[in-house]
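The values are calculated or read from the model by the stated rules, or taken from the named source; none is laboratory data. Since we're looking at a predicted model, the values are computed, not measured. Here the Cβ is made from the backbone with ideal geometry for all residues, glycine too, and neighbour counts use every protein chain on show. For accessibility, only protein heavy atoms count, side chains too; no ligands or nucleic acids. Shrake-Rupley method; radii C 1.70, N 1.55, O 1.52, S 1.80 Å.
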Amino acid sequence: MTESANGAVRLDGHLEPVPDEIDAVNLPVTGVLPPELTGRYLRNGPNPLPGETSSHGFLGHGMIHGVRLRDGRAEWYRNRWVRTGRLAGDPFVRPDGTRDLAAVAANTHVIEHSGRLLALVESGFPHALTPDLDTLGPCDFGGRLTTAMTAHPKEDPDTGELFFFGYGIRPPYLTYHRLSADGELVHSAEVDVPGPTMVHDFAITRNHLVWLDLPVVFDGELLGRGMPFRWDDGYGARLGVMPRNGGAVRWFEIEPCYVFHVGNAWEDEAGRIVVDGVRYSPAAWDRIWSAIGGVTSGAGAPVAAAAAQGGTCLYRWVLDPATGRAREEQLDDRWVEFPTLNDDLVGRGNRYLYAVVDDSAAGRTGAVVKYDLRGGATQTHELGGDRVSGEAVFVPAADGRAEDEGWLLSIVSDRAGTGSDLLVLDATDLSAPPVASVHLPRRVPSGFHGSWIPDAH
Ligand SMILES: [Fe+2]
C-alpha cells in the first residue's frame with residue numbers, strides 16, 4: 001500500500017480490490033477437508049468500486065468473500081459487496097446536520113448472532129445479510145440502537161448474550177449495549193470517558209467489561225481527510241474495568257500505546273483482570289497509521305524506532321483492583337495482528353491464542369503463530385514464499401475436549417496478488433502441513449475479519 005500524489009491510498013498486490021462479484025462451484029482442494037467442516041467461512045474487507053480511490057486503507061465498501069464447505073467438498077465461492085447507503089451514494093452527514101449511520105461502509109467483520117448474519121463497521125449500523133450474502137439492509141434492532149456498533153462485539157460463551165459498544169465523535173462518546181441470546185437489544189448505557197477517541201475493540205470477562213481509552217483522538221480538523229483521528233501525546237492511556245451489570249468504571253493508567261485488538265481477558269483467582277492484546281508502541285502506530293493514509297506527526301517512524309519501542313507485539317496487562325495499578329508485560333517480540341482463540345473461552349482463562357505474523361521488516365516471512373500462554377511455547381506455521389495470511393479463525397472440533405482441538409481457517413495470498421487459498425490448519429500442530437488448501441477461483445484482497453458459520457449449531 002502506498003500513497004499517491006493526490007493523497008489517495010493505492011491498493012496494490014495482495015491488497016488490490018477486485019472489480020466484480022462472481023460465483024464459482026466445485027473448488028479444487030489439495031489435501032483432505034474434514035467432513036465435519038460443513039458450513040460457510042465468511043470474511044469482510046474494504047473493496048472500493050472500480051475507479052474509486054480511498055483516502056485511507058480502512059475505508060472502501062465492505063465486500064464479503066464466502067466459501068461453502070460441505071462433507072469434505074468445497075462447494076462454492078462467491079463475493080458480494082455489502083449494499084449500504086454509502087454504496088448507493090447517500091451522504092453520511094444529512095443536509096440537516098444529522099448523521100446517517102446506514103451510510104457507512106460495513107467493511108470490517110461479519111458475524112452471526114441469534115440467527116442474524118451481520119456485516120459490521122465501527123462507525124455505522126450493522127447490515128443484515130442473507131445466507132447467500134445478499135444485503136437485507138441496516139439493522140438497528142427494532143429502532144433501539146441509536147449509536148454505531150463496534151465490529152468487535154463479544155458473545156458470552158455461557159449465556160449467549162452479545163456485548164458491544166458504539167463510539168461517537170460527539171457525546172455520548174462511548175455507549176455500552178447488550179443483546180439477549182435471542183437478539184433483543186435489552187440494555188444500553190453511556191460510559192463516561194474523557195473525550196472522543198477511536199475505540200476499535202474491548203473485552204469482557206465473566207463479570208466485567210474492559211474499556212480501552214487510548215491516545216488516538218478525534219480531530220475535527222481532519223474531517224474529510226480520511227480517518228479523522230490522530231495520536232495525542234497529552235491524552236494519556238488507560239484501561240477501564242466496569243461491572244457487566246453497570247456501575248462506575250475503574251480506570252487503570254498504562255503506558256501510552258494503541259490496541260486495535262484484544263486477544264482475550266479474564267479474571268484470575270485473586271480478582272485481578274488479565275488482558276492480552278496486540279500493543280502498538282507510539283512509533284509503531286506512527287509508522288503504520290502513516291502507511292495506510294492516516295495523518296501523523298511525521299512521515300512515519302523508522303522501523304528500527306518502532307521495533308525498539310516494542311513494535312506491534314503481544315502484551316499482557318494485569319489490572320489489580322487492590323492496588324489500583326496495572327502491570328504490563330511483553331509476551332513475544334514478533335509483530336503480529338488479528339489475535340483469535342477458541343471462542344468458548346471468551347472472557348475466560350484461555351491457554352492458547354493464535355495470531356498472524358506480518359514481520360517482513362524484521363526479515364521474518366508470513367506465518368500463523370500459536371501461543372501457549374501457560375507453557376510459554378509457541379508454534380508457527382510458516383507460509384513459505386512471499387505469502388501473507390489473513391486472520392486465522394479457530395473452529396472447534398465437534399468432539400474436541402482439549403482447547404486446541406480444531407482447525408484454523410485463513411485466506412492466504414501471495415504478496416504480488418496472483419492468487420489466494422483458504423488454508424485449513426490443524427490447530428493442535430501448526431508446524432504440520434495444511435490439512436487442506438482450497439484453491440480459490442480468484443485473488444481475495446487481504447481484508448479484516450471473518451467467521452465460520454457452521455450449518456449445525
Ligand atoms: Fe478489527
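Specify whether the C-alpha gyration tensor of the stretch 323-457 places it in the rounded, prolate or oblate class, a ≥ b ≥ c being the square roots of the eigenvalues: rounded for a/c under 1.5, otherwise prolate if a/b is larger than b/c and oblate if not.
In terms of gyration-tensor shape, oblate.
How big is the stretch 201-287 on each of its three principal axes, counting only the C-alpha atoms and giving the largest first in Å?
45, 26, 20
Add -39500 (n - 2.57) for each DSSP H run of 4 or more in the chain, then divide by its residues: what number comes out at 222 nm, to the nearest 500 deg cm²/dmol?
The per-residue figure over the chain is -1000 deg cm²/dmol.
Just flag the trypsin sites (Lys or Arg not before Pro) in the stretch 347-413 sitting in loop per DSSP whose Cβ has no more than 12 other Cβ atoms within 10 Å. Before the final figure, lay out each step's value.
On the way: sites: Arg348, Arg351, Arg364, Lys370, Arg374, Arg387, Arg401; in loops: Arg348, Arg351, Arg364, Arg374, Arg401.
Sites meeting the loop and neighbour criteria: Arg374, Arg401.
Extending each Cα 7 Å along its Cβ direction at Val93 and Arg374, get the distance between those two points in nm, one decimal.
5.3 nm
Over 20 Å, how big is the tail of the calculated P(r) for the stretch 115-198, in percent of all Cα pairs?
32 percent
Which whole-number value in Å² is the accessible area per residue of the chain, probe 1.4 Å?
Numbers: 18000 Å² over 457 residues.
It amounts to 39 Å² per residue over the chain.
Limiting things to C-alpha atoms, what are the Rg and the maximum Cα-Cα separation (Dmax) for the stretch 51-104, in angstroms?
When restricted to Cα atoms, the stretch 51-104 yields Rg and Dmax of 16.2, 54 Å.
Please work out, to two decimal places, the log10 of the ratio I(q)/I(0) at q = 0.10, 0.11, 0.14, 0.18 Å⁻¹ from a Debye calculation in which every Cα of the stretch 12-157 carries one identical scatterer.
Each listed q maps to, in turn, -0.38, -0.46, -0.72, -1.08.
Any idea how far apart Thr365 and Ala322 come out in nm if each label point goes 7 Å out from Cα toward Cβ?
Each label point lies 7 Å from its Cα, and together they span 4.8 nm.
What do you get for GluC sites (Glu not before Pro) in the stretch 155-253 restricted to DSSP loop and a cutoff of at most 14 other Cβ within 10 Å of the site's Cβ?
Qualifying residues, ordered by number: Glu184.
How large is log10 of I(q)/I(0) for the stretch 171-333 at q = 0.09, 0.10, 0.18, 0.20 Å⁻¹ when the intensity is taken from the Debye formula with one equal scatterer per alpha-carbon?
For the requested q values the scattering log ratios are -0.32, -0.39, -1.16, -1.33.
Loop-only check: which trypsin sites (Lys or Arg not before Pro) in the stretch 148-226 are DSSP coil with at most 16 other Cβ within 10 angstrom? Walk me through the numbers before you get to the answer.
Working: sites: Lys154, Arg178, Arg206, Arg225; in loops: Arg206, Arg225.
Qualifying residues, ordered by number: Arg206, Arg225.
Counting only protein heavy atoms, what percent of the accessible surface of the chain is carbon or sulfur at a 1.4 Å probe? All intermediate terms of the calculation are to be shown ahead of the outcome.
Numbers: 8780 of 18000 Å².
Its accessible area is 49 percent carbon and sulfur atoms.
Which three numbers, in whole Å and largest first, are the semi-axes of the equivalent ellipsoid of the chain derived from its Cα gyration tensor as √(5λ)? Write out the running numbers ahead of the final one.
Numbers: eigenvalues 171, 139, 116 Å².
Values for the chain, descending: 29, 26, 24 Å.
Using a 1.4 angstrom probe on the protein heavy atoms only, line up Thr53, Thr98, Thr380 by accessible area, largest first.
Heavy-atom accessible area, descending, gives Thr53, Thr98, Thr380.
If I histogram all Cα-Cα distances within the stretch 362-425 using bins 10 Å wide from 0, what percent of pairs lands in each bin?
Cα pair-distance distribution for the stretch 362-425, in percent: 20, 45, 27, 8.
Could you tell me which of rounded, prolate or oblate describes the stretch 9-62, using a ≥ b ≥ c as the square roots of the eigenvalues of the alpha-carbon gyration tensor, with rounded for a/c under 1.5 and, failing that, prolate when a/b is larger than b/c and oblate otherwise? Each step should come with its number before you reach the end.
Values: a/c = 2.70, a/b = 2.45, b/c = 1.10.
It is prolate, given that a/c is not under 1.5 and a/b is the larger ratio.
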